[in-house]
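Written below as structure tokens is the structure these notes are about.
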Amino acid sequence: MKKSIITLSLAAVLGFGSITVGMPIEKASAANKINDLNSQKEKINQQRSGVESKLNDTDKKISENQGEQQSVQSEIERLDKAISDALAKIEEKNQEIADTKKEIEKLEAEIEILVERIKKRNELLKDRARNYQETGGMVSYIDVLMGAQSFGDFVERVGAVATIVEADQDILQAHQADKDELEKKQNQVKEELASLETMRAELESMKKSLNAQKAEKDKLLASLKHEEEEMHAHKLELAEENEILAAQEAALQKAIKLEQERQAEAARQAEAARQAEAARQAELARQKAAAEAAKKSSSSAGSSSSSGSSSSSDSGSSSSPQVSAPSVASGAWTRPASGRLSSGFGNRSLGNHFGVDIASGGTVPIVAAADGVVIRSYYSSSYGNAIFIAHSVGGQTYTTVYAHMRSRSVGSGQTVSKGQQIGIMGNTGQSYGQHLHFELHRGSWDAAKSNAINPVGIVPL
């Protein structure tokens, strides 16, 4: 059977031994038995005090943890706000990047136009330079003017020369302006691209920072959640331990009361037997005295005879045990269930096994292994439906555990007899297949289960 945190808490509780009444004392006097019960009750009171102190310490730690969680939660809220602001800025950056890309596309279109215009002017200037070369160099505007045939022709020639010169200057100026604008736009595009790259780098850095903060926040939340779960689990263990101690104390109190009643009844019966014996002796003396007096007063009297009758009664009882329940043994202990011994006491693949497993199919009754008082009957996450019973056998205290039951038919504080059905075999809790996990502890049952003993050889299995 797998151990769990709950199992350890139970082990720490039930170890002081469990007591039942109704069995004869072979090695200890009645007074010693009452003293022993009171001593164990005092030990349980001390243990409960320690458990309650641990509960208070755990509550304090939980309170401190919750305060820390509130502080961390405030920091988380601040981070959430910062992340939201950063995301908004990221969206803003994305929009700026999109607008910049559109502007770059527009600039690229304008650059294409400028390049085309410059290309055409370059062709024009090349043609003009080619004409200059073919005519032998610079055109002589004086020759043009002097070749006029009349004054009117001269005026016309002057106007034509001025127009040509002005057109050449306009072409050169426009060409230079386009070159300057081209260079400006190219620089503008480079600046926009550099700005875009910078914004993109800032965006990547911001994403990296946000991811790091998010990872740290997740790690912190997971750590706090795990710590809180451990705190509450420990508190539940202590609470369950305290409940079992209270049940143990109640069982001992009931055992003390029943032992006192048993002793009182034994004393009453002894006194009644003594008085009956005294009355019988007195009656015998009286009869003897009367006989002697009669003999003295009438020595010649005839003999008398008396007749008596005897009767005998024959009574018997028979029990008809359940078909699948084991026969009740004649000794102090009896087998708790029918079935095969599927796992023994000691080391196995899943770790130390502090009991034995009895497996069987169908509806199998579970019975008390000896007379005792039920310490606790409840459902455990590890043991499933479980019952703990306290026993006193030959002056020695024992505790038996019955785990993984389908159902329970006795309650905490109830007195049970050897062979009395207490439940049905099942597969509840941390169990793998229907079976009864049965443990036997001599004396205390500590967290290490150091007092667990192999029931084989003690309980008829």
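Just the number please: accessible area per residue for the range 186-248, 1.4 Å probe, all protein chains included, in Å².
Per residue, the range 186-248 has an accessible area of 63 Å².
Considering only protein heavy atoms and a 1.4 Å probe, what is the carbon-and-sulfur percentage of the accessible area of the range 316-461? Write down the numbers at each step before the final one.
Details: 2680 of 5590 Å².
Its accessible area is 48 percent carbon and sulfur atoms.
Could you provide, to the nearest whole Å², the per residue accessible area of the range 340-453 with probe 1.4 Å?
Value returned for the range 340-453: 33 Å² of accessible area per residue.
If you plug each phi of the range 414-431 into the Karplus form 6.51 cos²θ - 1.76 cosθ + 1.60 with θ = phi - 60°, what whole-Hz ³J(HN,Hα) values come out, in order, with x for Gly and Pro?
For the range 414-431, the Karplus-derived couplings read 7, 8, 10, 10, 4, x, 6, 5, 10, x, 10, 4, x, 8, 8, x, 7, 9 Hz, x marking Gly and Pro.
Work out the length of the dipole vector of the range 319-442 about its Cα centre, built from +1 on the beta-carbon of each Lys and Arg and -1 on the beta-carbon of each Asp and Glu, and round it to the nearest 20 debye.
In debye, rounded to 20, the range 319-442 gives about 60.
What shape does the range 340-453 have by the C-alpha gyration tensor, where a ≥ b ≥ c are the square roots of the eigenvalues, rounded means a/c under 1.5, and otherwise prolate means a/b greater than b/c and oblate the rest?
Oblate shape, in that a/c is at least 1.5 and b/c is the bigger or equal ratio.
I need the chymotrypsin sites (Phe, Trp or Tyr not before Pro) found in the range 355-461, filtered to DSSP loop residues with at most 15 other beta carbons within 10 Å of theirs.
Loop-located and lightly packed - 432.
Under the rule of at least 5 residues apart or a separate chain, name every residue whose amide H is placed under 5 Å from the amide H of residue 423.
For residue 423, the qualifying residues are 366, 409.
Output ³J(HN,Hα) for the range 383-397: one whole-Hz value per residue in order, computed from phi by the Karplus curve 6.51 cos²θ - 1.76 cosθ + 1.60 with θ = phi - 60°, and x for Gly and Pro.
Residue by residue, the range 383-397 yields 7, x, 5, 9, 9, 10, 10, 9, 9, 10, 10, x, x, 9, 8 Hz.
Using θ = phi - 60° and the Karplus curve 6.51 cos²θ - 1.76 cosθ + 1.60, what whole-Hz ³J(HN,Hα) does each residue of the range 401-406 get, with Gly and Pro shown as x?
Ordered by residue, 3J(HN,Hα) equals 10, 10, 10, 6, 6, 5 Hz.
The values are calculated or read from the model by the stated rules, or taken from the named source; none is laboratory data. It should be emphasised that the depicted structure is a prediction, and the values quoted were computed from it without experimental measurement. Virtual Cβ from ideal backbone geometry, glycine too; neighbours counted across all protein chains shown. The area values use the complete protein model at the heavy-atom level, side chains included, leaving out ligands, DNA and RNA. Shrake-Rupley method; radii C 1.70, N 1.55, O 1.52, S 1.80 Å.
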